[in-house]
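A.B. asks: One structure, pasted below without further comment.
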Amino acid sequence: MKKLLTLLLFITISISLIACNDEPEDPTDPTDPIDLYDFDEINPLQDVYYQIFVRSFADSDGDGVGDLNGITQNLDYLEDLGITALLLLPVHPSPSYHGYDVTDYYGINSDYGTMEDFENLVDAANEKDIKIVMDLVINHTSDQHPWFKDAISSTASPYRDYYVFNNGVPYSYFVGGMMDLNFENPEVIDEIYNIVDFYLEKGVHGFRLDAAMHFIEGINADWENTLFLLNLKAHMEENYPNSYILPEVFVPQYNLISDYYIGSDSLFNFYFRNEVMDKIGMENSRFNFVSNLNRAYDTFRDVDPEFIDAPILGNHDFDRIASSQGFINQPNKLALAARVLMTLPGNPFIYYGDELGMKGYRYEGRNIPGYGIVYDEYRRQPFMWGSPTYETYWLPSDGSNDDTADLETQKLDETSLFNTYKTMIEIRKDNPALMYGNYFEPYNNNVLQIQGYVRYYEYETFKQAVLVLHNMTPDPYEVNVEYLEFIYGDSLIIDGYGSIILEIDPDLIEDYI
């Protein structure tokens with residue numbers, strides 16, 4: 001009897017096991033390693049940025065001036081383009097059109113709206129998983145700021161030591177009533193901490209810090225500025241561990257800015273921009289393009305192995321790339337520059353309108369009828385929506401964009417620069433090897449015509465490698481290379497100023513570098 005019971009038990013267990021094995025697999029179970037992870041959560045500081053000069057972007061109330069509500073109402077456009085983070089140029093009250101001379105760090109420029117409008121923008125953007133980074137101007141204030149007015153009213157003013165005075169004369173590195181704050185004063189540092197806390201609490205992701213190399217000046221300026229940034233970052237991370245700090249160190253030599261990575265998440269890569277202008281625009285020493293970029297990355301990596309680069313093609317301080325020598329009336333070169341930008345390590349920054357090929361350049365005091373004397377204004381002129389609904393008209397046209405297709409027109413053209421940006425952003429976001437990490441190695445068969453690099457990303461069971469190849473010449477060029485599949489392109493014959501992106505075996509990277 002005991003043997004019979006044992007046999008029956010064995011049969012029952014065997015049938016149960018067979019039944020379990022015969023159950024259909026759950027179709028929701030991920031089978032592709034890429035589906036196992038939330039890479040955005042794993043890499044919370046890596047994004048695709050869009051830099052907006054608020055005055056010129058979108059007007060919501062018909063007064064001709066761009067405003068915060070205009071951005072909120074066009075978040076769908078930015079989401080459709082693929083943007084995951086916005087950098088807003090100064091939004092604080094200011095006596096100037098550009099906003100880099102702040103009069104109230106806790107207020108919003110009335111031209112742009114109210115604090116409630118700002119909060120609505122932050123909330124609406126966060127709902128779309130679009131982060132907001134503010135341009136924070138703390139190197140100096142306006143000479144109209146209440147602190148400064150009090151400081152010059154009396155040597156006994158409690159704000160006297162908020163500013164730098166030389167023999168009783170207030171110091172200002174930048175012209176135009178921008179008075180330098182005194183970073184040797186602990187009370188000024190406390191004020192800065194209070195300002196960043198105020199906006200982080202509202203849901204802001206982080207800050208671009210204007211003129212960071214000028215916070216403290218002198219023999220040890222770089223180290224002292226780096227120490228300030230390190231302390232500021234530590235303060236921010238106490239309550240906001242994924243907050244982002246992006247100092248502007250306006251130097252085009254990578255070896256002169258690398259130490260700032262000690263206290264920074266990212267640094268704008270002005271060296272990269274110069275290389276694009278020189279190698280793609282002017283076609284000088286094209287065979288050095290990728291190797292030069294690699295030397296910069298290696299230099300940053302020596303300071304911080306986890307550095308997050310911030311490559312740019314343009315911003316409010318430069319003539320537009322489409323107005324720069326070598327790129328004027330060269331749509332194929334503009335598209336090539338966009339494909340390079342979107343396949344490099346770090347957080348690529350797109351200056352509003354560059355996705356349309358907008359033009360604009362600096363005037364040295366020219367009088368524009370209907371406006372007045374201009375300098376940098378036309379580097380920051382109105383975005384070209386192609387519809388009067390959101391067009392701004394605070395600045396009269398100078399004719400520089402008469403031949404530039406607007407957004408509505410470019411949306412309908414599959415070959416447009418806008419659609420190049422949109423496609424490349426989508427490809428970047430769909431491929432972790434392009435979107436995350438900072439792996440970058442030159443392709444071992446680079447020549448003058450073809451400049452390529454390998455991007456690689458690995459996390460636990462996931463790994464991906466891609467080979468990016470750019471044709472630096474106007475003539476088609478054929479490459480002979482092993483690959484798994486095309487990510488971008490469909491032929492190993494690369495069109496003039498064209499690019500291809502190939503997925504390669506991540507276990508065979510050494511064959512390509």
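What follows is calculated from the coordinates using simple rules that are stated; it is not laboratory data. Predicted, not measured: the structure shown is a model, and the values here were computed from it. We place every Cβ from the backbone using ideal geometry, glycine too, and count neighbours over all the protein chains shown.
A.B. asks: Got a sec? Charge dipole of segment 41-438, +1 on Cβ for Lys and Arg, -1 for Asp and Glu; which of Y351, I192, F215 is way out at the positive end?
C.D. replies: With unit charges placed on the Cβ atoms, the residue in question is Y351.
A.B. asks: Once the Cα atoms of helix 417-430 and of the chain are each reduced to a long axis, what angle between those two axes, in degrees from 0 to 90 to the nearest 10, is obtained?
C.D. replies: Roughly 50 degrees between the two axes.
A.B. asks: Something else now. Sort all Cα-Cα distances of the chain into consecutive 20 angstrom bins from zero, then give the percent of pairs in each bin up to the one containing the longest distance.
C.D. replies: Bins of 20 Å from zero give 21, 51, 21, 5, 2, 0 percent of pairs.
A.B. asks: By how many nm would the segment from D413 to D298 lengthen if fully extended, with 0.36 nm per residue of separation less the alpha-carbon distance?
C.D. replies: 37.5 nm
A.B. asks: Can you flag which of K333/K359; K131/K429; K131/K422; K333/K429; K233/K463 are past 26 Å Cα-Cα?
C.D. replies: Checking Cα-Cα distances, K233/K463 exceed 26 Å.
A.B. asks: For the chain, build the charge dipole from Cβ charges (+1 Lys, Arg; -1 Asp, Glu) around the Cα centre, then report which of G281, Y159, P506 sits farthest towards its positive end.
C.D. replies: Final value for the positive-end residue is G281.
A.B. asks: Could you give the length gained on full extension between N445 and S110, defined as 0.36 nm per residue of separation minus the Cα-Cα distance, in nm?
C.D. replies: Roughly 115.0 nm would be gained on extension.
A.B. asks: Let me ask something additional. How far is helix 289-303 tilted, in degrees, relative to the longest principal axis of the Cα atoms in the chain, given as a value from 0 to 90 rounded to the nearest 10?
C.D. replies: Tilt relative to the chain: about 80 degrees.
A.B. asks: Give me the angle, in degrees from 0 to 90, between the Cα long axis of helix 115-127 and the longest principal axis of the Cα atoms of the chain, rounded to the nearest 10.
C.D. replies: 20 degrees
A.B. asks: Looking at the chain only, what percent of DSSP beta bridges run antiparallel? Nearest 5 please.
C.D. replies: If we restrict to bridges inside the chain, about 55 percent are antiparallel.
A.B. asks: Work out from phi, with θ = phi - 60° and the Karplus expression 6.51 cos²θ - 1.76 cosθ + 1.60, the ³J(HN,Hα) of each residue of segment 72-79, listed in order in whole Hz, and give x for Gly and Pro.
C.D. replies: Listing the rounded values in order: 4, 6, 10, 5, 4, 4, 5, 5 Hz.
A.B. asks: I'd like the FRET efficiency for R366 and A221, computed as 1/(1 + (r/R0)^6) with the beta carbon distance as r and R0 of 35 Å, rounded to 0.05.
C.D. replies: 0.50
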